[in-house]
1. With a 10 Å radius around each residue's Cβ, average the other Cβ atoms per peptide and rank 518-531, 472-485, highest first.
2. Roughly what would the spin-label model give for E237 and A194, points 7 Å off Cα along C-beta, in nm?
3. Calculated from the structure, semi-axes √(5λ) of the Cα gyration tensor in Å equals which of (i) 49, 45, 27; (ii) 62, 29, 23; (iii) 48, 27, 26?
4. If you place +1 on the Cβ of every Lys and Arg, -1 on the Cβ of every Asp and Glu, and leave all else neutral, what size is the dipole of the chain about its Cα centre, to the nearest 20 Debye?
5. What percentage of all Cα-Cα pairs in the stretch 381-516 are separated by more than 20 Å?
6. Which of K206/K328; K328/K429; K342/K429; K564/K723 have a Cα-Cα distance over 31 Å?
7. On the protein heavy atoms, probe 1.4 angstrom, tell me the percent of accessible surface of the chain carried by carbon and sulfur.
8. Under the 0.36 nm per residue contour assumption, what length would be gained going from the current alpha-carbon distance of L668 and L553 to full extension?
Amino acid sequence: MGDKTQTHPGAAGRAVAADHPTSLRNVVLVGHSGSGKTTLVEALALTAGAVNRAGRVEDGGTVSDYDEIEHRQQRSVQLSLVPLEWDGIKVNVLDTPGYADFVGELRAGLRAADAALFVVSASDGVDGSTRMVWEECAAVGMPRAIVVTHLEAARADFEEMTRVCAETFGGDDPDAVLPLYLPLHGPQGPDGHAPVTGLVGLLSQKLFDYSSGERKESEPGPEQLPDMTQARNRLIEGIIAESEDETLMDRYLGGEQVEVKTLIEDLERAVARGSFFPVLAAASAAAGARQGIGTVELLELITRGFPTPFEHPTPGVTTIDGTPREIKPCDVDGPLVAEVVKTSSDPYVGRISLVRVFSGVLRPDQTVHVSGHGMTDRGHEDHDLDERIGALSMPFGKQQRPVPQAVAGDLVCVAKLTRAETGDTLSAKDDPLVMEPWRMPDPLLPLAIQAHSKADEDKLSQGLARLVAEDPTMRLEQNQDTHQVVLWCLGEAHADVALERLRTRYGVQVDVVPHRVSLRETFAHRSAGRGRHVKQSGGHGQYAICEIEVEPLPGGSGIEFVDKVVGGAVPRQFIPSVEKGVRAQAARGVAAGHPLIDVRVTLLDGKAHSVDSSDAAFQTAGALALREAAAEARIHLLEPVAEVSVLVGDDYVGAVMSDLSGRRGRVLGTEQTAGGRTVIRAEVPEIEIGRYAVDLRSLSHGTARFDRRYVRHEPMPAQVAEKVREQARDS
């Protein structure tokens, strides 16, 4: 989308810039996939004048190689920044994906913004994931407004949708969620549908007609007055209830007329402090129209009702050694504190970082300190270094336009940060600081991959490193037990995008293979074994004999080695050799190739030769003894068990518990939580929950989430173990 987006056209070509935080607004668009967020952003850009010289709206985005995946999938898969300007205010619009697999992009948008605009489709309603994001915003007091889109649809019902929004988002105070405008309908068509042609302003008591393609103001007719008066009175009471003037309600109920100016000021204050949530309306305009229906009203709310960055508290900041550091909100004269909220790759200029400046001023060609984000558990490199940044720019469609600086409160694209990753902190090189990370969902869908060819193998590690640098919701695992490379993703669509980016962006073709969990083996009962390694073939021979006893131990005991040799049957210097051979064989497994655990191996007896015995010979004998003991015993296959906590709406509790039981799960208990939800805790074998991230979303219609943690290995049922062994033999 356009870069110089003012109320007048003809300014296209210059990047939108702000020289002070008071002239900035950062707003993130939130809503389910298909709610119309991207279409709304395009309409806002067109209204604000973000057009190119041909008079067409430019595509928006934070990178110049705008993601072809989005075009193929017909949905947003990444956060994008669209800077606009309205009435002298720069508006950074952050458009987020609505699909649950890309919630990491949504959380980055929430981190970078000072207010949220929830986009709700009049024909689809409010989904569960949107409700959960609303609750997250409420928990931190983020200002919010709601815009109802798709009013042009035949079955759209604005009145019903505002009722649903008040019920869903209002909580204990539905009068805090009220419309500022009502749709204005034109004459009914042959199909009985009356198209939306404009809006009725409840506070201004004016009609705003968009039917000509431009917004035109007029007085309401007698047919609009009854509905307008009723809705206006309720809106006024809702605004006054949030007023800081405690006498205003009494005066209003006593018949005093409240000035519109006073109402608007109270409304703006209530919206900015997150206690009142206006509902606006939007609809597609006729083809060729310059202004979409409701876009002017929306821009007015954003610039007048949404808070400046001054009202956004700075997230926690510490020095490198962890000492807390007090940072004033949005202090232009303060120390530099900025954060990378998104990282993308451009085939021509390299890595581009979208950065939110929280304090100080960021300038081109500045040397900054980059502080790592402490996410080494997800395969992200933790680092602490200085880097010289390149140019600063703002997106102008598929191009980047340079800007001279970025002040506290602004968002900017930074080139040539070759080591910085999403979530990293940028600060002055002589005053390095670290911001506390924002909360990211855990990736719980494993994707096991291997290089398609030798050429791909050479490029795989670098491609994967770049992939996880861009996306902190992705975890890279090099599993030492299964020898698999595993990308942990948020869902199937997230995994598809990762594979596509590996192929198209980094030139790495990979094959997806079945994911294996880390199985173990143990002895079901006591057993004995004799290891004999005797070779005489001329020259120096090999001679080692040892006898061992193996017995099972409680879970978590590992391998315990005990020496009970008497009389020097095995010389003292070779007893560690026997133990080394036993442990090496245990690591390789004794039945199905999985590590042996939770046994006590006791060395009872043995024989040695004065010349031919050696360290290597007794290592071999120890391994042979363990294998013989295993051949005479029943070996249990152990599987990892995870404790799973599922947060689910009460309507789905029965279905989720039944599903967990079908996965051989043991429900440990349930706990009621706020908002009509229940936490279900259960222990489930990990082999049964490989695709649980996908299955739970389907089962709960996207309203549930879960986490998991490993608790122990335990014996696998015989029939399941046999199936696993068959699969191993077949492979």
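1. 518-531, 472-485
2. Calculated label separation equals 2.5 nm.
3. Computed from these coordinates, semi-axes √(5λ) of the Cα gyration tensor in Å corresponds to label (ii).
4. Numbers: 76 positive and 107 negative charges, 538 e Å.
With only Lys, Arg, Asp and Glu charged at Cβ, the dipole is about 2580 debye.
5. It works out to 57 percent of all Cα pairs.
6. Working: K206/K328 42 Å; K328/K429 19 Å; K342/K429 21 Å; K564/K723 39 Å.
Exceeds cut-off: K206/K328; K564/K723.
7. 48 percent
8. 38.9 nm
The values are calculated or read from the model by the stated rules, or taken from the named source; none is laboratory data. Keep in mind that what you see is a predicted model, and the values were worked out from it rather than measured. Heads up, the Cβs are rebuilt from the backbone with ideal geometry, glycines too, and the neighbour counts pull from every protein chain shown. Ligands, DNA and RNA are excluded from the accessible area calculation, which covers all protein heavy atoms including side chains. Shrake-Rupley method; radii C 1.70, N 1.55, O 1.52, S 1.80 Å.
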